[in-house]
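Below is one structure, written out as structure tokens; comments come after it.
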Amino acid sequence: MMFVIIAAINQIGVQTTSLIAIMGAAGLAVGLAMQGSLANFAAGVLIVMFRPYRVGDYVEAAGIAGSVVQVGILTTVLKTGDNKQIIVPNAQIMGSIITNYSANDTRRVDLVVGIGYDDDIDKARDTIQALVDADDRILKDPSCLIAVSELADSSVNFVVRPWVKSADYWAVNFALTEAIKKRFDKEGISFPYPQQDVHLIQSS
């Protein structure tokens, strides 16, 4: 329509060169001003199309972690664990790594448990296994991995990796950590402090 209007004005003898230059500059200014909004709009369309997350999912994106409250065409609203509402531009989200903790039905809890070098490794493993078997929230399949992972400076470190439903992740993480501490205290299995041996040599 603008092209037809300018062509018609030009036909009646009016010089349109300045008008075209002004319109071009105005269009450029508007485009630059809307650059961020257009980027957010395009990112919002991609989010709606590919659905990397949905309302209710717990995600980490653009350096922010929280539950998705609203997915808009320009922004996404997140609620953090301490109940803060954060509005994140969609362009920043699509330009970063998105971690969706709610995408799958199950998750793996990763714990590291250290015991002293003088403690019985088999006893410690059997004690941890008994605690894992006693918790009904821990899935039987896949099975929990309990293995010695490192001979550290002051401790022998176990990795404990049970699988749970995503909704039970933090509850099992906290409960199992506390249960291991209490049971180890009862069984006399130590949690060593960082230590260093100092050898003194008396010179003659």
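Data overview
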| quantity | calculated |
| --- | --- |
| Formal net charge of residues neighbouring Arg137 (Cβ-Cβ distance under 10 Å; K, R +1; D, E -1) | -2 |
| Expected-Rg normalisation [2.2 N^0.38 Å, Cα atoms] applied to region 35-100 | 0.99 |
| Per residue Cα convex hull volume in Å³ - calculated over region 152-204 | 103 Å³ |
| Net lengthening on full extension, Tyr117/Thr99 (0.36 nm per residue, minus Cα-Cα) | 2.7 nm |
| Assigned charges on the beta-carbon of Lys, Arg, Asp, Glu; the chain dipole about Cα centre (debye) | 1100 debye |
| Diffusion coefficient, µm² s⁻¹, Stokes-Einstein with Kirkwood Rh over alpha-carbon pairs of region 106-187 at 37 °C and 0.692 mPa s | 254 µm²/s |
| Stretchable slack from Ala42 to Lys165, in nm (0.36 nm times residue separation minus alpha-carbon distance) | 40.8 nm |
| Dimensions (Å) - the chain, Cα atoms, principal axes, largest first | 109, 60, 28 |
| Span-rule helices in the chain, defined as complete DSSP H runs reaching 18 Å or more along the axis (Cα) with Kyte mean at least -1.0 | 17-33, 35-50, 121-134, 169-187 |
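Taken together, the values in this text are just the output of simple stated rules run on the coordinates, not laboratory data. Since this is a predicted model, take the numbers as computed values, not measurements. So basically every Cβ, Gly included, is an ideal-geometry build from the backbone, and we count neighbours across all protein chains shown.
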